[in-house]
Structures are given as C-alpha cells and as structure tokens.
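Asks: This is the structure, below, for whatever I ask next.
The values are calculated or read from the model by the stated rules, or taken from the named source; none is laboratory data. Since the model is a prediction, treat every value here as computed from it, not as a measurement. Reconstructed Cβ throughout: ideal geometry from the backbone, glycine too, with neighbour counts over all protein chains shown.
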Amino acid sequence: MDAFQTAPTDLDSPTGAAPYRALYTPEQRKRRDASRWTNVQGVLAIVQFVAFAISLGLVLRFLMTGDGLIAASVSIVVKTTLLYAIMITGCLWEKDVFGVYLLAPAFYWEDMVSFVVIALHTAYLITLFTGALDPREQMILALAAYSTYAVNATQFLLKLRAARLGAKAEDERVGRLEVAGLGQAG
C-alpha cells in the first residue's frame, strides 16, 4: 500500500457493521501528531467558528433591520481572512501528513467543498470592493458562503470523529495483539 493512502484495518465496528477504515496509516498518524500545523488548525478552526457565529448574527441583523451594514461587512471580511489562513495552513498540514498540499484521498471531498466555500467568500469580497451587488445582495451571498462553510465544517467534524474512532479501534486491536503475544516491536 502506498504510504499516502488511507489504510484499511481488520477491525470490527462496535455495532458489528462493516470494519473501520482507519483515516491515517500509523506513519501518517505519527506525522499528524508531530506536525506543528495540527495545533494551528485546531485553534484556527475554533476562532473561525466564533467569527462565523458573530458574523452570522450581524448579517441576519442587517437583513432583518437594515441596521449594522458596516459591522456585518467587517465581520465577513474577518471571517474570510480566517478562512484563507485556515486553508493555507491546512495545505501545509496536508503536505506534512499525506505528502500533498491538497486533495489527499482521506480529505478529498472536504477539500473539494472547501474550494466552493473559498469561491463564495472571495465572490463576496469582490462584490464588496467593486459594488457589483447592492448591500442586501452581498449579505445574501455571504449567507450562501456561510451555508457552504457550515457543510464543510460538518464534514471536518465527522472526519475528526472518524479519526478518533479509528485510532481507538487501532489501539484496541494493538492491545489485543499484545495480550495474545503477537504485538509488533516499535
């Protein structure tokens, strides 16, 4: 198996369903844990989500009342800046862990949806600075961008959950092998 592919395992799921497919090979897991970008991604994800929640409230306030256009616009620019930062550092993280900057098989669909998220946020910036849309239309575009961000964030949360389940299952498998005297050295 290529070192940069997702590793299948022989572990049964707790429900007796299909076996888990580990998100990371043991080597990728080590690289993930050693990468400085792992912690950066975790922090940026939280900061970006907080910015998203605040901005969403400001955008909805503007759409409902017509008040707070500048605050809503600034909040979208801040959210978009954080998005760009998490995308750049995410590429560096993917390179550290999988050997490619984007579209590693384990994160292919998350990356594809990220492209849509970035395109919509960038389209918002373009309309903001060019005046190509009126403020209400800009805010609706921002909501479209935020909707795709919510889908993308959900994808990553599900992937994080899968990684934790896979790591737990792998640890249990290794523990069973060690108890049986079949453990691997190193």
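Asks: Does region 91-110 contain any residue that is more than 27 Å from Leu158 (Cα to Cα) and touching a Leu at 6+ places or on another chain (Cβ under 9 Å)?
Replies: If we filter region 91-110 for residues that are more than 27 Å from Leu158 (Cα to Cα), which is where we start, we get none.
Looking for residues that are more than 27 Å from Leu158 (Cα to Cα) and touching a Leu at 6+ places or on another chain (Cβ under 9 Å), one finds none in region 91-110, hence no.
Asks: Is it the case that region 51-64 has a residue that's within 16 Å of the chain's Cα centre (by Cα), assigned to a helix (DSSP H, G or I) and under 22 Å from Leu157 (Cα atoms)? Spell out how you get there, then give the answer.
Replies: Within region 51-64, the subset within 16 Å of the chain's Cα centre (by Cα) is 51-52.
Subsequent filtering for residues that are assigned to a helix (DSSP H, G or I) retains 51-52.
Keeping just the survivors that are under 22 Å from Leu157 (Cα atoms) gives 51-52.
Checking region 51-64: at least one residue is within 16 Å of the chain's Cα centre (by Cα), assigned to a helix (DSSP H, G or I) and under 22 Å from Leu157 (Cα atoms).
Asks: I'd like to verify a number: residues in region 119-138 that are in a helix (DSSP H, G or I) and either among the aliphatic types (A, V, I, L, M) or surrounded by 15 or more Cβ atoms within 10 Å (Cβ to Cβ) (or both), how many? So that I can check it myself, show each step before the final result.
Replies: We begin by selecting, within region 119-138, every residue in a helix (DSSP H, G or I); these are 119-130, 135-138.
This time we only want the ones that are either among the aliphatic types (A, V, I, L, M) or surrounded by 15 or more Cβ atoms within 10 Å (Cβ to Cβ) (or both), so: 119-121, 123-128, 135, 138.
Matching residues across region 119-138 total 11.
Asks: Could I ask something else about it? Go through the residues of region 139-148 one by one and say whether even a single one is under 22 Å from Leu63 (Cβ atoms), assigned to a helix (DSSP H, G or I), polar (S, T, N, Q) and under 16 Å from the mean Cα position of the chain (by Cα).
Replies: yes
Yes/no matrix, rows are residues, columns are (1) modelled with pLDDT of 90 or more; (2) among the polar types (S, T, N, Q):
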position: Asp12; (1), (2): no, no
position: Thr25; (1), (2): no, yes
position: Gln41; (1), (2): yes, yes
position: Val74; (1), (2): yes, no
position: Val77; (1), (2): yes, no
position: Trp93; (1), (2): yes, no
position: Gly99; (1), (2): yes, no
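Asks: Further question on the same structure: Take the residues in region 99-138 that are aromatic (Phe, Trp, Tyr) and in contact (Cβ under 8 Å) with a residue 40 or more places away in the chain, then tell me which one is nearest to Arg61 (Cα to Cα).
Replies: Narrowing region 99-138 to residues aromatic (Phe, Trp, Tyr): 101, 107-109, 115, 124, 129.
This time we only want the ones that are in contact (Cβ under 8 Å) with a residue 40 or more places away in the chain, so: 107, 109, 124.
On the way: Phe107: 35, Trp109: 32, Tyr124: 18 Å.
Only one residue fits best here, namely Tyr124.
Asks: Now for a separate question. So which of Val78, Val100, Val116 is assigned to a loop (DSSP other than H, G, I, E, B), of a type in the set (Val, Ile, Thr) and within 24 Å of the chain's Cα centre (by Cα)?
Replies: Working: Val78 fails: assigned to a loop (DSSP other than H, G, I, E, B); Val116 fails: assigned to a loop (DSSP other than H, G, I, E, B).
Unique residue meeting the criteria: Val100.
Asks: When you go through Leu44, Leu63, Leu102 one by one, which is the residue that is hydrophobic (A, V, I, L, M, F, W, C) and touching an Asp or Glu at 6+ places or on another chain (Cβ under 7 Å)? Working first, answer last.
Replies: On the way: Leu44 fails: touching an Asp or Glu at 6+ places or on another chain (Cβ under 7 Å); Leu63 fails: touching an Asp or Glu at 6+ places or on another chain (Cβ under 7 Å).
So the residue among Leu44, Leu63, Leu102 that is hydrophobic (A, V, I, L, M, F, W, C) and touching an Asp or Glu at 6+ places or on another chain (Cβ under 7 Å) is Leu102.
Asks: Among Val174, Val113, Val117, which is β-branched (Val, Ile, Thr) and at pLDDT below 90?
Replies: Numbers: Val113 fails: at pLDDT below 90; Val117 fails: at pLDDT below 90.
It is Val174.
Asks: Considering only region 58-73, state which residues are surrounded by fewer than 20 Cβ atoms within 10 Å (Cβ to Cβ) and more than 13 Å from Leu141 (Cα to Cα).
Replies: Arg61, Met64, Thr65, Gly66, Asp67, Gly68, Leu69, Ile70, Ala71
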